[in-house]
Amino acid sequence: MRILAAMSGGVDSAVAAARLVDAGHDVTGVHLALSKNPESYRSGARGCCSLEDSHDARRAADVLGIPFYVWDFAERFAAEVVEDFLAEYAAGRTPNPCLRCNEKIKFAAVLERGLALGFDALATGHYALTHRVGEEVQLHRAAEPRKDQSYVLGVLDQQQLRHSVFPLGTDGSKADVRAEAATRGLLVAKKPDSHDICFIPTGDTSGFLHDRLGRRAGDILDARGEVVGAHAGAHQFTVGQRHGLNLSVPAADGRPRYVLAVSPATNSVTVGPKEALAVRVIEGIRPTWTQGMVAGPWRGLAQWRAHSEPMAATIETAGDTVRVTLDAPAHGIAPGQAVVHYDGERVVGSATIARTYR
Amino acid sequence: MLRAYLDHAASSPMSASVVEAMAVVWQRAGNPSSLHTAGRGLRRILEQARESIAADLGARPSEVVFCSGGTEANNLALLGAAGPDGGLVVSAVEHPSVARVRDVLGSRVVVAPVDAEGRVDAASLRSALTGGTRCLSVMWANNETGVLEPVDELVEVARSAGVISHSDAVQAVGHVPVDFAASGLDLLSLSAHKLGGPVGIGALVVRRGVSVVPTGFGGGQESRVRSGTVPVALAVGFAAALRDAVARLDTEALRLTALGDRLIAGVRGIPEVRVNTVGAASPAIVHVTVRGTRADDVLLLLDAGGIDCSTGSACAAGVHQPSEVLLAMGRTAAEAAAGLRFSFGPTTTAADVETLLAVLPSAVERARSAFRE
């Protein structure tokens, strides 16, 4: 196959590309330039946009002896991912930009350009598995649950999955991948993992939101509407958040309080006890399906963060709305997050959380 | 796979005889500035190389200042001619090693516009002159399009204004006749590896009596203008390559022109491809704009098809940028990001051009299908 290997400059994507070369594929490396001014991210950045990462990706491609190109998706990334990220926070929701990037950039714009240029597939260093069953491609969790990244791929549809290759899904641990990189002479073997949001290389999401959305002081209220604190902008908060509230009025019962709701319209943040966060029903919009829509109701597992525990649920779809009813109440589910549903290890689809009910 | 290297303007490989000429020098002990026997031996070899280069350029040996390459030669010419407070006039299609002098000298640099083919003229240069202008700089052959600039007009305008004339001849020397004395230029830059010599050496030719302020400091080995030990082996390779290039210039010009004509005829069969190498131009370069593509997509496909070529213009962090040269010629940003340069050298054969023409139409078609605004 002619495979386009997305190379971030990190160890995973370098090893993924190396394995495809070994398997005899015709591999071309591509690094995505996602920042309009990569120089500004030069120092201390560990995100996927910096000049240093671009250099590391090129170096790995040279070691593998494969062609390498940098594709500029900065404008599209700004419009589809960064602006969406800001708009979601401004609306009081909690977006996942990595999912969004996979959905709109990597497995959309990049894949389309690659297919048009005659490539058969796009490979990434994500830890996930695909299984071809008949004509269909199934997306499964990686062999090692702690490394599994199927959640951030949950937005892919059948068309995208048919052209996706994830060479690392069978791996037991990151240490093995690092050891393999070292054996292969890939200098990125010791490079630290990137955990930050790539366009916020300092890791200071709060500061980024302040800079881009402005500061607007408001009240922190308790469930009865009493003012218990102050904030510098409602968009700073996420449902389920406990730290950084700096409440001035102690809780009557002395127990910790959590963000229950964020209302940009009134610029207010409501806090309360943990049990008030309990959610039984998740309502999701903008559903995506790995192998086509499943109306249900069906019994599956729901997950709403990259590494949250999957929870047993009954899932039902009507029109563009997915209703996920959890067997047991769960805490800290924020509107804007993606809920990804699984049938055992197999990813069925995803939806963006619009509302939750107790 | 049969590969065709069509990027000689980026760097042209050395012939076996050039490598051989250098090989014997590397193993010699000494520094050409030393007074002892070993040093004198190397100095003799270095000066022979200098005399050979001077003879092939129509210059005096004492006018040849060795430096690290074309970029340093251009930097030294411009900063050295401008001095601490002088101004410069440069054309709008210069190589970054000239054009970016604006980053250093700012408003002391005036840019003279070019016509739609990328040529500057006397009127454009004259109107760019200011009271503070110390030097006019226009390249001999454009590094992207291969178009030749009117060096005689440059010299005439500079003379009548009483200022220094400089030409970046990096893409000209070895491909078109360059006679420094006859040109009337005060300063001329050249690079060895563009004409089959080694990477890492070039020269600034400085007319006798023209003063250039050093831009670096040290031992002043090269006419007190440029400091640092001259790499003698590289100078020997430089001289050997230039000697070969000048000796074969007439026959190569005919041969490469025929290859270029064949390439252009083939390219004309592809819709919406515009040839930018028009009028007087280097026979070693054919530059085209492939409308409705991103140049780097075409490069990717050609590379996969066995062709090494270039867009001819710069990247920023690996991302291909619209060509400043094409923009200066009045092209749109989309057109300026769709340029491809094919450049020839002594090793280029008719088969290379046929290999290119066999894969180019489908590569263009595919790149167009991948292109969406």
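Angle, helix B:16-26 long axis vs. longest principal axis of chain B, Cα atoms, 0 to 90°, nearest 10? Taking Cα atoms only, the helix is inclined about 30 degrees. Calculate how steeply helix B:295-304 sits against the longest principal axis of the alpha-carbon atoms of chain B, using the helix alpha-carbon long axis, and give the answer as 0 to 90 degrees to the nearest 10. It works out to around 90 degrees.
Counting DSSP beta bridges with both partners in the stretch A:113-173, what percentage is antiparallel, nearest 5? Taking every DSSP beta bridge with both residues in the stretch A:113-173, the antiparallel ones total about 75 percent.
Go ahead and run the numbers for FRET between A:Glu136 and A:Glu309, Cβ-Cβ distance against an R0 of 25 Å, rounding to 0.05.
Numbers: r = 28 Å, r/R0 = 1.12.
FRET efficiency, A:Glu136 to A:Glu309: 0.35.
Per the Debye formula on identical point scatterers at the alpha carbon atoms of the stretch A:92-144, with no solvent, log10 I(q)/I(0) at q = 0.13, 0.18, 0.26 Å⁻¹ is -0.45, -0.79, -1.13.
Rounded to the nearest whole angstrom, the semi-axes of the ellipsoid equivalent to the protein assembly as shown, taken from the Cα gyration tensor as √(5λ), stand at 60, 30, 24, largest first.
Express the relative contact order of the stretch B:152-247 as a whole percentage, based on alpha carbon pairs under 8 Å and six or more residues apart in sequence. Mind showing how you got there, number by number?
Numbers: 128 pairs, mean separation 23.3, N = 96.
Relative CO of the stretch B:152-247 lands at 24 percent.
From the square roots a ≥ b ≥ c of the eigenvalues of the alpha-carbon gyration tensor of chain B, which class results: rounded (a/c under 1.5), prolate (a/b over b/c), or oblate? Oblate, since a/c reaches 1.5 and b/c is not below a/b. Listed by chain and number, the aspartates and glutamates placed with their C-alpha closer than 16 angstrom to that of A:Lys174 are A:Asp12, A:Glu144, A:Asp148, A:Asp193; residues fewer than eight positions away on the same chain are left out.
Close amide H contacts of B:Asn276 (hydrogens built in the peptide plane, cut-off under 5 Å, sequence separation of 5 or more or a different chain): B:His287, B:Val288, B:Thr289.
Using a simple spin-label model with pseudo-atoms 7 Å out from Cα toward Cβ, B:Glu20 and B:Arg159 lie 4.4 nm apart. With the simple spin-label model, which puts each label point 7 Å out from Cα in the Cβ direction, the B:Glu272 to A:Leu187 separation comes to 4.1 nm.
Need one number: % antiparallel among DSSP beta bridges in the protein assembly as shown, to the nearest 5. If you can, show how the numbers build up before the last one.
Details: 72 of 107 bridges.
Of the beta bridges lying entirely in the protein assembly as shown, close to 65 percent run antiparallel.
With each run of n ≥ 4 DSSP H residues scored as -39500 (n - 2.57), what mean residue ellipticity at 222 nm is computed for the protein assembly as shown after dividing by its residue count and rounding to the nearest 500 deg cm²/dmol? If you can, show how the numbers build up before the last one.
Details: 23 runs with 224 residues, N = 731.
About -9000 deg cm²/dmol.
Using Cα-Cα distances under 8 Å and only pairs 6 or more residues apart, what relative contact order does chain B have, in percent?
The value is 22 percent.
Computed from backbone phi, the HN-Hα couplings of the stretch B:99-106 come to 4, 7, 4, 4, 5, 9, 9, x Hz, rounded to whole numbers (Karplus: 6.51 cos²θ - 1.76 cosθ + 1.60, θ = phi - 60°; Gly and Pro given as x). When the pairs A:Lys147/A:Lys190; A:Lys106/A:Lys147; A:Lys104/A:Lys191 are compared against a 23 Å limit on Cα-Cα distance, A:Lys104/A:Lys191 fall above it. Of the residues making up the stretch B:301-349, those losing 10 Å² or more of accessible area when the isolated chain is joined by the remaining protein chains, with a 1.4 Å probe, are B:Leu301, B:Asp303, B:Ala304, B:Ala317, B:Gly318, B:Val319.
What the Cβ-Cβ distance of A:Ala91 and A:Thr205 gives, at R0 = 22 Å and to the nearest 0.05, is a FRET efficiency of 0.85.
Based on Cα contacts under 8 Å between residues 6+ apart, the stretch A:277-357 shows a relative contact order of 42 percent. Taking A:Ala217, A:Ala261, A:Ala313 as the candidate residues, the one with maximal mean-square fluctuation in a Gaussian network model of chain A, Cα springs under 10 Å, is A:Ala217. Bridging of A:Lys274 to aspartates and glutamates at a Cα separation below 19 Å is possible for A:Asp222, A:Glu226, A:Asp253, A:Glu309, A:Asp327, once same-chain residues fewer than 8 apart are set aside.
The values are calculated or read from the model by the stated rules, or taken from the named source; none is laboratory data. Since this is a predicted model, take the numbers as computed values, not measurements. Because the Cβ atoms are built from the backbone with ideal geometry, glycine has one as well, and the counts that use them run over all protein chains shown. SASA here: full protein model, heavy atoms, side chains in, ligands and nucleic acids out. Shrake-Rupley method; radii C 1.70, N 1.55, O 1.52, S 1.80 Å.
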